[in-house]
Amino acid sequence: MTQSAQTARLKDRGLIDRSQSLTFTFDGVPYNGYAGDTLASALLANGVRLVGRSFKYHRPRGILTSGSEEPNALVELRSGARREPNTKATITELYDGLEAKSQNRFPSLSLDLLAVNGLLSPFLSAGFYYKTFMWPASFWEKFYEPMIRRAAGLGRAAQEHDPDSYDKAFAFCDILVVGSGPAGLMAALTAARTGARVILVDENFAFGGRLLSDVRTVGGVKGADWVNSVVAELRSFPGVRLMPRTTVFGAYDTGTFGAVERVADHVPVPAAGVPRQRLWRIVAKHTIIAQGAMERPIVFGNNDRPGVMLASAVRTYINRFGVKPGETAVVFSNNDDGASTIEDLVGAGIRVAALVDTRTMLQPATKSFARKHGIRIFEGAVVADAIGSSRVTSARIVGADGTSQNIACDLIAVSGGFNPSVQVTTHLGGRAQWQQELAAFVPGALPKGMAVSGSAKGTFGLASCLKEGAQAGEAAAVASGFQAAASAVPAADDEPSDISAFWHVKTAKHKAFVDQQNDVTAADVALAEREGYRSVEHLKRYTTLGMATDQGKTSNVNGLAILAQLTGKTIAATGATSARPPYTPVSLGALAGEHRGKHFKATRLTPSHDWAKERGAAFIETGMWLRAQYYPKPGENDWLTTVCREVNTVRNAVGVCDVSTLGKIEIHGTDAGKFLDRVYINMMSTLGVGKARYGMMLREDGIAMDDGTAARFADDRYFITTTTANAIKVLQHLELCRQWYWPDLDVQLFPVSDQWAQYSVAGPRARDLLAKIVDAPFDISNAAFPYMAVAELTVMGGIKARLYRLSFSGEMAYEIAVPARQGDRLMRTLMAKGEEFGVAPYGTEALGVMRIEKGHVAGPELNGMTTAGDLGLGKMASTKKDFVGRVLSQRPGLADPTRPRVVGFRPVDRSARLRGGAHFIGKDDAAVAQNDQGYMTSVAYSPSLGHWIGLGLLSGAESRMGEILRAFDPVRNGDVLVEVVPATFVDVEGARLRV
Amino acid sequence: MRINCPHCGQRSNDEFSYLGDASIVRPDPAAPNANEAFYAFGYERANIAGPMQELWYHAAGCHAWLVVTRDTRNHEILDVKSAQEVALERQKAAGTAQ
Ligand SMILES: [Zn+2]
């Protein structure tokens, strides 16, 4: 296919690089553009005006703006996994090979069968979401919902995983300048000259703002040349960071700003190692908002037709991109800036058929220019309707006398005045203020450290913007502690900026759009008002005005003004909706950054993880840890076989379990014992040196928080363990107790969870195995090192170790700890030396089975609702001292003897399976909530007993031994009879522990 | 939001975890009205609009508890102190009073 010529490209105009021709496709058709183009300017250069269909009515839409406020020219950019819907053609930088498709059309852009929606518009008007639901349900489901779903919408998201990477970064500076128009550049330059660290960001790929779009002179040179010289000077400062293609999307507390840098959106595929986008958190002592102002349209009939364009955008396409947006123009304005567009049009050789201005007093210079170039002037007049179906063919002008005439044109340049970009100034709760003489909202009270300058503040003249920017830059630098440097403000003129507020042409015959992206018309606003939605917040939600991806940048103020007219109130009294971040849409990829898939959170591996992997262990995630769940042997085809074998090994020989994930805290100081007495329910100060004790901590409200052991290695040196899950929480709690409750105690805490690799060695042959690795002269005999003894020693020939005679399995057992880097070696040594005793590793499943067989409580029982008493540990609580949680644990509700307590269960039919979560109901009672008596917290198949066993919380458990209950589990259709039994199933006397 | 930790300097608030009102003191468990006092301590918390003394923990930093004075209406941080120092001063003041 031959590529069409750029028929609308102007010669010798624009800041594009004509030496770099780029090829792109739109809806499959190839075109050419130049480096420096946006997709929108390149489409216009090729005469493409129709670029999309509207959200509800599928009306043909063109390019309204030249910036990030664009409501219409939204395209699907790229294809496949990189397809990005709702991309604004007006800010999409052209690159070679760019692919774009129009959106929301069926079957094609020029022939859209769903444009019939326009005929259904009575059903799609204001509040249709609410009203349509009022109709008979069958009507809605069968017809309206599918129809609306198909018809209304935007682009299609990619279906595959995003192949690109996204990055996150922090930046710090003295002064952040947002926006690089005349005010922003002067602010950045003035501040940089004082030596301040400055970050200058602009959402555009080129710095300069309106100086690139308007023909202006600054300091005696062309605006664009002045921009280049300032940018070059800024680059020479080492403390200045220039960030083009970066949008500050939100203001946050303490001078923090969120920004997205589009690092590689302007290339087809990011280079290796380069992220597509980078999410910045910029922390600034001072911030100068210089984001400029956005032109607003005037609401008239068919004002959404391709060919209706903001006047400022017309000038941008002519002056910056060297593109003719039309052949014959009508300018429709209510202000000097808009009216001045006739000069740019004439300069570009575009015929201007008429200047239509709502004002009756135009600037004499404008009038004489118009006369000189044969432009008809209509004062006190309006463009009531654009005529034409898929593009503008003429404008229906209604004069001051009410007479109407059509004037042929293919471009209507419209200007309703300017809205300062105040959004970021309101993110922290500030309210924009209406200023009648400017007919605009200007920033209200600003957050600390923020200043606004230039047209973002409502200062529209170029000379004033330059001056104000310089002042803001100097003030921020001085406030940051720098000496003001002499900095001259370059000479420029203040252009005339008279405006007479005008919003809506009431003589329009056709649909007049307020919000073009969400297809909200002036009639919708009127309907909402009639139906009682007179507050601006109600109007917004009822009509969806301003709720599209453009957040109403071109529509909010117009909608508000029309509502104000309807209600007879002033705009100031009508109020404004508040802007919230993000200023423009932020991709989820950028927000996620590197935190995708397995990188969502850290994965923590124990020191002997590699060994377990070699051994073929199945792993389970517990918090951030990966723990060995069980170690299948060849021929074991289901986990239960493996787990039963592991349990039997521990009960009959010896097993080794990695318990390195336990939380571990050293507690030192002369008051360490006293401190532990205050945080554990039981006494720890009386613990002998060389001994360990089980302990429980409560929350201040009397509920159990965590359990573990405390060991004492010296008078002033304890070591405690916490559960894996609560390691961080317990440390935080203990630090609160130490620093805030009892700051006078001599005690220090050291988290050492990661320092020690720790293994449980359990079973009748545990001592025989450990005897092979402990170094002489350590005596590991039962007499010298009995149950609950602890010691510091060396193993495997001089490796520092700690040995604890603790048992969670109920067997004779030890926990042995070595420095983390020795964990792998210790595990391998234990396996090698234990071969003769039949050693096997066991995982968290077997550990769980054995703790249930022994009736030890764990996570499912310590569920944040149980007290020590509920857990059967009430007698542990000392009555000789105070401890955290003591007072509130004695509240009548928590001390109530009928509270559910932990007790054991076994199935009446021993072959029946038990299920965790099953609820207990009287044997003959109905399975309804009123009969609920508690629930099963933990279950296991006990290889020692040959049937399922369970622990559960049951009301008044102690007095109900032998009672038969239903364990009802509606989720898995479980309904089995169970018998209430003591919670200890194996070795009830605990004899095996002490041998 | 950024908190100026007395030990670590100004750090992002995602390094900290929050506990609550620092202006109330853990009651004396031996007092005759300990039940009521602990109940109030645990549950009867004011919802302050304005400057509030709060406990923050520098979890991803020095592990210090801090007393942060923050205006809850605009998140402005007016003061940051080491909680341990505040607690010691409070004890000293109580001792002097007795
Ligand atoms: Zn710190």
Where in the range A:427-488 are there trypsin sites (Lys or Arg not before Pro) that are in a DSSP coil and have at most 13 other Cβ atoms within 10 angstrom of their Cβ? A:Lys448
If we count every other residue with Cβ under 15 angstrom of A:Thr603's Cβ, Lys/Arg +1 and Asp/Glu -1, where does the sum land? +2
For the protein assembly as shown, what is the convex hull (Cα atoms) projected area averaged across all directions, in square nanometres? 54.3 nm²
Nearest 100 Å², what total accessible surface is buried between chain B and chain A (probe 1.4 Å)? 2700 Å²
How charged is the neighbourhood of A:Asp410? Take every other residue with its Cβ under 13 Å from the Cβ of A:Asp410, and add Lys/Arg as +1 and Asp/Glu as -1. +4
Helical mean residue ellipticity (222 nm; -39500 (n - 2.57) per DSSP H run of 4+; nearest 500) of chain A: -5500 deg cm²/dmol
Net charge dipole size for the protein assembly as shown [Lys, Arg +1 and Asp, Glu -1 on Cβ; Debye, nearest 20]: 1120 debye
Treating the beta-carbon of each Lys and Arg as +1 and of each Asp and Glu as -1, no other charges, what is the dipole magnitude of the range A:892-994 about its Cα centre, to the nearest 20 debye? 320 debye
Antiparallel DSSP beta bridges within the protein assembly as shown, as percent of all bridges there, nearest 5: 75 percent
Figure the gain on full extension for A:Asp715 and A:Asp925 (residue separation times 0.36 nm, minus the Cα-Cα span) and round it to one decimal in nm. 69.9 nm
Which parts of the range A:201-240 would a label at A:Asp17 reach, counting a residue when its backbone N lies under 15 Å from a point 7 Å out along Cα-to-Cβ? A:205-207
Can you tell me what percent of all Cα-Cα pairs in the range B:2-97 are more than 21 Å apart? 40 percent
Which of A:Leu545, A:Leu888, A:Val346, positive extreme of dipole for the protein assembly as shown (C-beta unit charges): A:Val346
Percent relative contact order for chain A, counting Cα pairs under 8 Å at least six residues apart, stands at 9 percent
What spacing in nm lies between the two simple spin-label points modelled at A:Leu591 and A:Glu537, each 7 Å away from Cα in the Cβ direction? 2.2 nm
Can you tell me the FRET efficiency between A:Ala486 and B:Val80 if r is taken as the Cβ-Cβ distance and R0 is 41 Å, rounded to the nearest 0.05? 0.60
Grab the other residues whose beta carbon is less than 12 angstrom from that of A:Val790, score K and R as +1, D and E as -1, and report the net. +4
Plugging the Cβ-Cβ distance of A:Ala271 and A:Asp779 into 1/(1 + (r/R0)^6) at R0 = 56 Å yields, to the nearest 0.05, a FRET efficiency of 0.25
Quick one: order A:Phe808, A:Phe378, B:Phe38 from most to least accessible surface, probe 1.4 Å. A:Phe808, A:Phe378, B:Phe38
For the range A:686-765 and the range A:861-930, compute the distance between their C-alpha centroids and round to whole Å. 25 Å
Protein-protein interface of the range B:1-43, residues with accessible area decrease of at least 40 Å², isolated chain reference, 1.4 Å probe: B:Met1, B:Arg2, B:Arg26, B:Pro29, B:Phe38, B:Tyr43
With r as the distance between the Cβ atoms of A:Asp896 and A:Tyr694 and R0 = 35 Å, compute the FRET efficiency 1/(1 + (r/R0)^6) and round to 0.05. 0.90
What accessible area per residue comes out for chain A, rounded to a whole number of Å², with a 1.4 Å probe? 39 Å²
Carbon and sulfur atoms: what percent of the 1.4 Å accessible area of the range A:431-542 do they account for? 51 percent
Accessible-area loss of at least 40 Å² in the complex relative to the chain alone (1.4 Å probe) applies, within the range A:251-286, to A:Asp253, A:Thr254, A:Arg281
Given a 1.4 angstrom probe, I'd like the percentage of the accessible area of the range A:892-994 that is carbon and sulfur, rounded to a whole number. 52 percent
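The values are calculated or read from the model by the stated rules, or taken from the named source; none is laboratory data. Bear in mind that the values here come from a model prediction, so they are computed numbers and not experimental data. Cβ: placed from backbone, ideal geometry, glycine included. Neighbour counts: every protein chain shown. Calculation scope for accessible area: heavy atoms of the full protein, side chains included, ligands and nucleic acids excluded. Shrake-Rupley method; radii C 1.70, N 1.55, O 1.52, S 1.80 Å.
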